[in-house]
Amino acid sequence: MNLLLKYLSSCWFLNDPTQLTPTKSFMWKNVTFYFISGCIVEGLIADPADGTLEVTGRTIMAFTTVALLLLLEKKWHFYSRLYTSIFVCENFIMTLAVGAEMLDLWMTMQHIENREEINIGAATFLVTWYIAIVSYIFRRFFAYPTSVSIIYAVGYFVMTYGIPMLLMDI
């Protein structure tokens, strides 16, 4: 639990993720939570079978993108630390997204007039926070300038969310 709290503090930019070493058990629990929570969110948005397939694609793209970046930077020894840092914070954001889905359901049942605007605002906030977190993690691991880490974070987002979503729409 202590390790999880240390990783979660990275979501608020309080902890240096490069200083954390995850155990194998922690890493696999993290990946499992990532997959299951992703399937829940995607299952609420679309067909559960399509959602599971999209989350599988996202997971593969996340591992591949992290591996490619580390190979290009010649820092392969950071693989487990980097993907664990990103996945813990992504799991946190995904948990908030599940909460946003529940809020949307409640607003729909209550016939809240501004439901769509609230949902767009929540989604924009969560995506922006996600990109900021990934940017922070990249900056810590690779000592990139802020602008470069933001570009890489947006690229990571496109690779892990955009490409699987695009492939599902084909």
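The values are calculated or read from the model by the stated rules, or taken from the named source; none is laboratory data. Note that the structure is a prediction, hence the values are computed from the model and not measured. For neighbour counting, all protein chains shown are included, and Cβ atoms are generated from backbone atoms with ideal geometry for every residue, glycine included. Only protein heavy atoms, including side chains, enter the accessible area calculation; ligands, DNA and RNA are left aside. Shrake-Rupley method; radii C 1.70, N 1.55, O 1.52, S 1.80 Å.
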Test THR64 against the stated conditions and say whether it is part of a helix (DSSP H, G or I), under 20 Å from MET165 (Cα atoms) and open to solvent by 50 Å² or more (accessible area, probe 1.4 Å). yes
Condition (residue is over 19 Å from LEU96 (Cα atoms), open to solvent by less than 70 Å² (accessible area, probe 1.4 Å), acidic (Asp, Glu) and part of a helix (DSSP H, G or I)) applied to region 37-48: is it met by at least one residue? no
Any chance you could count how many residues in region 31-43 are touching an Asp or Glu at 6+ places or on another chain (Cβ under 7 Å) and free of Cβ contacts under 8 Å to residues at least 60 places away in the same chain? 1
Among the residues of region 129-170, how many are modelled with pLDDT under 90, of a type in the set (Val, Ile, Thr) and in a helix (DSSP H, G or I)? 1
Residues of region 87-145 being touching a residue at least 40 places away in the same chain (Cβ under 8 Å), open to solvent by less than 30 Å² (accessible area, probe 1.4 Å) and closer than 23 Å to CYS39 by Cβ, in sequence order, are PHE87, VAL88, CYS89, GLU90, ASN91, ILE93, MET94, ALA97, TYR130, ILE133, VAL134
Yes/no for MET159 being surrounded by 14 or more Cβ atoms within 10 Å (Cβ to Cβ) and either in contact (Cβ under 8 Å) with a residue 60 or more places away in the chain or in contact with a strand residue (DSSP E or B) (Cβ under 7 Å, 6 or more places away or on another chain) (or both): yes
State whether one or more residues within region 90-103 are assigned to a helix (DSSP H, G or I), in contact with a Cys (Cβ under 9 Å, 6 or more places away or on another chain) and closer than 22 Å to PHE13 by Cβ. yes
